[in-house]
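The values are calculated or read from the model by the stated rules, or taken from the named source; none is laboratory data. Since we're looking at a predicted model, the values are computed, not measured. Here Cβ is always computed from backbone atoms with ideal geometry, including for glycine, and neighbour counts include all displayed protein chains. Please note that ligands, DNA and RNA were not included when accessible areas were found on the heavy atoms of the full protein model with its side chains. Shrake-Rupley method; radii C 1.70, N 1.55, O 1.52, S 1.80 Å.
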Protein chains: 2
Amino acid sequence: MTRTAVIAGQGALAPAIIAQLDDPLVFSLEGYQPDMPTTPFRLERLVPFLDELIGQDVTRVVFAGAIRRPRLDPEAFDPRTAQLVPRILMAMQAGDDAALREVLKVFEENDLKICGIEEIAPDLIPAEGVLTGQPGKADQQDAERAAQILSATGPLDIGQGCVVAQGQCLAIETLPGTAAMLAFAGRHADLRPNPKGGRGVFYKAPKPGQDRRIDLPTIGPDTVDQAAAAGLAGIAWQAGSVILLQRDEALRRAQAAGLFLWARA
Amino acid sequence: MTRTAVIAGQGALAPAIIAQLDDPLVFSLEGYQPDMPTTPFRLERLVPFLDELIGQDVTRVVFAGAIRRPRLDPEAFDPRTAQLVPRILMAMQAGDDAALREVLKVFEENDLKICGIEEIAPDLIPAEGVLTGQPGKADQQDAERAAQILSATGPLDIGQGCVVAQGQCLAIETLPGTAAMLAFAGRHADLRPNPKGGRGVFYKAPKPGQDRRIDLPTIGPDTVDQAAAAGLAGIAWQAGSVILLQRDEALRRAQAAGLFLWARA
């Protein structure tokens, strides 16, 4: 029998994925444990961890939930993982994506297949269409400009979201993440040139060329609340490339707040 | 006799420029008057304003200080300026730079020369060199990555600054401006992966292809205070392309706070 290991991040994605799997082994990065039973592991002991997976007949690994780059403790490295450090440190200079890709390569070199959310729970990734509400013309233009901004910033490995209102970029997602960016956009919402014009769109898309097996952008009911608190008209995202968690609850909250949710082609 | 008109924005740039000129006429956008005597004008009455300049023998116009896009009152337009509206509205869709460029074209069509800060007060634009402090290796890498980020975001007409710490982008300047971005970076400074590593660099550069006669990025003593409050190691910028206001005071505050100031090649 072969088994699947889930590397669980915080948030609602891991439980949703675990529910789709038959008796998975569930792990999490020490210091970033989600609110559920998991076996913690440390990146400083990656090689022994991979040995453990292989010893338990694991052949597939799923990353469920965002992994933040952990603070590494130089004294916690085992000798074999220590040999990987120069390689991963080099990659880190080019950003989170590059570092994570390097870690994934180490999994694959040990014959562990990295499995995407798309394979395990395709229903979490909405196909093209407006899920609720109705993006107006101004919103469509803002979504278009936001998509252009993200295609240009994508290769920089910065973030996966931005906020555009009336053609103006109010915020770009960076290391602090979506919630921090939406709070920033909300604090400065009075800068919209026309008080009666478009209220603005939060747009989300994966970085071009990013590894879709991990770290697909994720939105959910909390994102809806944050976008509503920022005074935005709605949320749009690249259809087929963004995970929507707790769809029913997200739709309910969007309807209550008068926001559209739009999986944009 | 020909005269120079200064369009004064808020901040210390306009007084510095006025001090270099012989008997200039000083104007400001209504609603954005700086703390000095100026004759206000409205963008909705741009054509009569240009007539007034020409009537007073003005041949050169200097934009001193950032101009925020004003909220336009449809009822305040005179008939001739109203004819320009479709043209300027079109340009606005592509961002602030494009809109401002379009307004400048209208000046030039009326034989008013737009004059850059470089022509009038070249000393305000530091040439290459470290002005104070010493950027370390980590800071140099952060400045390099920040410069790369701005060259990629520049064509998007978003902003002229970003903050990078330990290779990670903490913040990108958007419509709310530098102070808001540095406050954001400061709020999230605890995300730096290594607490003992590089504290991060605020980097500033003009957008590639931006009109250097107006809207060159500007820093000054307040910027130094804001970067210090954000816990950064220093400020770097594209040498020859950024205005440094009140240089002595900026240097004094940077020294007091232990920040470097670096006009980077």
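For this structure, a couple of remarks:
- Share antiparallel - DSSP beta bridges, chain A, percent rounded to 5: 30 percent
- Our note on the geometry: Cα centres of region B:1-45 and region A:208-260, 46 Å apart.
- Computed from the C-beta positions of A:ASP51 and A:ASP22 and an R0 of 25 Å, the FRET efficiency is 0.60 to the nearest 0.05.
- For chain A, Kirkwood radius (reciprocal of mean inverse C-alpha pair distance, Å): 19.4 Å
- For region B:3-120, the relative contact order comes to 29 percent (Cα pairs under 8 Å, sequence separation of at least 6).
- The A:ALA76 and A:VAL130 beta-carbon pair, evaluated with R₀ = 45 Å, returns a calculated FRET efficiency of approximately 0.40.
- Residue with peak Gaussian network fluctuation, chain A [Cα springs, cutoff 10 Å], from A:ALA236, A:ALA91, A:ALA14: A:ALA91
- Sites B:ARG212 and A:ARG187 - FRET efficiency at Förster radius 30 Å, r taken between beta-carbons, to 0.05: 0.45
- Pairs of lysines in the protein assembly as shown whose Cα atoms sit within less than 16 Å of one another amount to 4, provided the residues are eight or more positions apart or on different chains.
- Neighbour cut-off at most 16 other Cβ (10 Å), DSSP loop, trypsin sites (Lys or Arg not before Pro), region B:70-122: B:ARG71
- Vicinal HN-Hα couplings computed from phi for region A:34-39 (Karplus, 6.51 cos²θ - 1.76 cosθ + 1.60; Hz; Gly/Pro x): x, 7, 6, x, 9, 9
- Here the protein assembly as shown carries DSSP beta bridges of which approximately 30% are antiparallel, counting only pairs with both residues inside.
- Chain B and chain A together bury an accessible surface of about 3000 square angstrom, both sides counted, with a 1.4 Å probe and no ligands or nucleic acids included.
- Given charges at beta-carbon only (K, R positive; D, E negative), |dipole| of region B:151-265 in Debye: 300 debye
- Viscosity 0.692 mPa s, temperature 37 °C, Stokes-Einstein D of region A:125-264 from Kirkwood C-alpha radius, µm²/s: 226 µm²/s
- Our estimate of slack between A:TYR32 and A:ASN194, defined as 0.36 nm per intervening residue step minus the Cα-Cα distance, is 54.1 nm.
- Under-5 Å amide H pairs with A:VAL62, H placed in peptide plane, nonlocal only: A:ALA5, A:VAL6, A:ILE7, A:CYS115
- Length-normalised contact order of region B:125-264 in % [C-alpha pairs under 8 Å, at least 6 apart]: 33 percent
- Simple point charges give the picture: +1 on the Cβ of Lys and Arg, -1 on the Cβ of Asp and Glu, and for the protein assembly as shown a dipole about the Cα centre of about 60 debye.
- Mean-position separation - Cα centroids, region A:141-194 and region B:158-205, in angstrom: 15 Å
- Note on A:GLU144 and A:ALA239: the extension gain reaches 32.9 nm, defined as 0.36 nm multiplied by sequence separation minus the Cα-Cα distance.
- Estimated translational D of region A:1-58 in µm²/s (Stokes, Kirkwood radius over Cα pairs; 10 °C; 1.306 mPa s): 135 µm²/s
- Each other copy holds its own label point for B:PRO70; taking that point as 7 Å from Cα along Cα to Cβ, the gaps run 5.8 nm, nearest first.
- With the convex hull constructed from alpha-carbon coordinates only, the protein assembly as shown shows a mean projected area of 25.9 nm² over all directions.
- Sites matching trypsin sites (Lys or Arg not before Pro) across region B:156-265 that sit in DSSP coil, with at most 16 neighbouring C-beta atoms within 10 Å: B:LYS196, B:ARG212
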